[in-house]
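What follows is one structure encoded as C-alpha cells, with my remarks underneath.
The values are calculated or read from the model by the stated rules, or taken from the named source; none is laboratory data. As the structure is a computational prediction, the values presented were derived from the model and not from experiment. Cβ sites come from the backbone with ideal geometry, for glycine too, and all protein chains shown count toward neighbours. Just so you know, the surface numbers come from the protein's heavy atoms only, side chains and all, with ligands and any DNA or RNA stripped out. Shrake-Rupley method; radii C 1.70, N 1.55, O 1.52, S 1.80 Å.
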Amino acid sequence: MVGEIIRLDNEQGGDTLCEAAAATVDRVDQWLQFGEYSERVGRELQLALAELQEATGWVHYDAGRQQTARYWYQQALCQAQITGNLPLEVGVLGCLSMQAAHLGRAREAIQLAVRAQEQSAGWAPPRVKTYALLREALGWAEMGDLGEAHRVMARAHHTYRARSPR
C-alpha cells in the first residue's frame with residue numbers, strides 16, 4: 001500500500017491522495033487496535049501502520065498541508081519508536097527535519113537531523129548517515145550559517161565517499 005501511495009503521488013501529486021491515505025491509516029489502526037491476531041502479525045501491522053503514517057505525512061507535505069503532514073510524521077515517529085524500528089525512525093526524523101527547514105524552523109531542523117544521526121550510529125550504511133547530514137546542512141543554510149552548512153556538507157561528502165564498494 002505504501003508503494004502504491006508513493007507511486008500515485010509521483011504521478012498525480014499529493015493533493016489527490018490525502019484523504020485516501022489517511023483513511024488507509026485509520027483502517028490499519030482499527031485492525032491493530034481491535035483485531036485478533038498473533039504477536040507476529042501484530043508486529044507486522046504496527047510496522048505497516050508506521051510506514052503508512054510516514055507516507056501519509058509525505059502526501060500531505062507534498063500537498064502543502066503542513067500542519068497535517070506534521071501530525072502524520074509525529075504519529076509515524078511514535079509508532080517507529082514503539083516498534084524499535086531504527087531505520088524507519090531515522091527516515092521519519094529526516095522527513096520532519098526537511099519539513100522544519102521548509103517552514104523556516106531552522107534550529108528544529110538541525111536538532112531533528114542531529115537526532116537522526118545519533119539514532120543511525122552503529123548500524124546505518126553511509127548513505128543513511130549522509131542523508132541525515134544533508135538534512136542538518138539544510139538547517140544550517142536556512143539559519144543563514146553558510147560556513148557551518150559547508151562544513152556539514154563536507155562531512156556528508158566524506159561519509160558518502162567512505163561507503164563500501166558495490
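Structural remarks
- Annotation: per residue accessible area for the chain equals 56 Å², rounded to a whole number [probe 1.4 Å, protein chains only].
- Sum of -39500 (n - 2.57) over DSSP H runs of 4+, divided by residues of the chain (222 nm, nearest 500): -27500 deg cm²/dmol
- One equal scatterer on each Cα of segment 75-161, no solvent, Debye formula: the resulting log10 I(q)/I(0) at q = 0.18, 0.20, 0.24 Å⁻¹ is -0.69, -0.83, -1.09.
- The alpha carbons of the chain stretch over 53, 33, 28 Å along the principal axes, in descending order.
- Listed residues Ala156, Ala48, Ala20, most fluctuating in the chain (Gaussian network, C-alpha, under 10 Å): Ala20
- When the charge dipole of the chain is built from unit charges on Cβ atoms (+1 for Lys and Arg, -1 for Asp and Glu) and taken about the Cα centre, the candidate among Leu96, Ala20, Ile6 whose Cα reaches farthest toward its positive end is Leu96.
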